[in-house]
Amino acid sequence: AQKVTQAQTEISVVEKEDVTLDCVYETRDTTYYLFWYKQPPSGELVFLIRRNSFDEQNEISGRYSWNFQKSTSSFNFTITASQVVDSAVYFCALSEERTSGTYKYIFGTGTRLKVLA
Amino acid sequence: KAGVTQTPRYLIKTRGQQVTLSCSPISGHRSVSWYQQTPGQGLQFLFEYFSETQRNKGNFPGRFSGRQFSNSRSEMNVSTLELGDSALYLCASSLESSGGFKTQYFGPGTRLLVL
């Protein structure tokens, strides 16, 4: 069965600390996509990154970096030198193809990150 | 380019009433999906529309329905509201690509409170 697990319900860090948010997924498909979204208190899910199952290169974007490891079915997200503005709920998601040829998203339960000044 | 917009942003209804929520996708996006987000159940997929047709449906009762117009704008309707329908309703749009795959971009959501 397809599943996304974000075991960390809530994490608190002090500003400037590094923090890693874990994401473990399950799928039987060989072609799939993984995402991270940020949900600030305003409610809107903000797209951060997309990764396909054939590209295991790590990605860095400013203070954000992502580590994709198929061997452990993980797609972890690291924020370096965290800032108060990083406080939000972060969702990991898996998208795979349905038999109808369309795609479905499966979201994890989210990790609430609190960055304290 | 303007993002996904949803109206209204906040809504208070009473049990038994019905409600209609609106979503305008990003210009050029033809696929619109709806999600319900609650503290207990997380993000749950409601349905997806593409070219005015419902293409996929989640596991929700028939009280939840939707439609899409020719300009890709979408509405969802909940009839006979129950207390448990209180949630954040999120709309997401995506650009249909030839490869079939798409990234979903979300709107700010509509917070519905049922009293």
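Laboratory data are not the source of any read-out in this text; all were calculated from the coordinates shown. Since the model is a prediction, treat every value here as computed from it, not as a measurement. Don't worry about glycine lacking a Cβ; one is built from the backbone with ideal geometry, like all the others, and counts go over all protein chains shown.
Side notes on the structure shown:
- Sorted ascending by nearby beta carbons within 10 Å, beginning with the fewest, B:T103, A:T30 become A:T30, B:T103.
- Net charge contributed by nearby residues that have their C-beta within less than 11 Å of B:S33 (K/R +1, D/E -1): +3
- Selected from B:L88, B:L46, B:L11 as most flexible by GNM, with chain B as the system and alpha-carbon contacts under 10 Å: B:L11
- Gaussian network model of chain B, springs between alpha carbon atoms under 10 Å - residue of B:S74, B:S93, B:S65 with greatest fluctuation: B:S65
- Chain A - Rg over Rh from alpha carbon coordinates, Kirkwood radius: 0.98
- Each residue in A:D18, A:D86 was given a count of other beta-carbon atoms within 10 angstrom of its own, and listing them fewest first yields A:D18, A:D86.
- Extension gain for A:T31 to A:A117 (0.36 nm times residue separation, less C-alpha to C-alpha distance): 26.8 nm.
- Cross-link table A:K16/A:K114; A:K16/B:K102; A:K38/A:K104; A:K114/B:K102; A:K3/B:K57, entries beyond 24 Å C-alpha to C-alpha: A:K16/B:K102; A:K114/B:K102
- Charge context of A:G110, other residues only, Cβ under 15 angstrom, K/R +1, D/E -1: 0
- Neighbour net charge for B:C23 - beta-carbon separation under 9 angstrom, K R +1, D E -1: 0
- Fewest-first ranking of B:F47, A:F75, A:F54, using other Cβ atoms within 10 Å as the exposure measure: A:F54, B:F47, A:F75
- Modelled spin labels at A:Q69 and B:N77, positioned 7 Å past Cα toward Cβ, are 5.1 nm from each other.
- Linear extension gain, B:L95 paired with B:R67, 0.36 nm per residue minus alpha-carbon span: 8.3 nm
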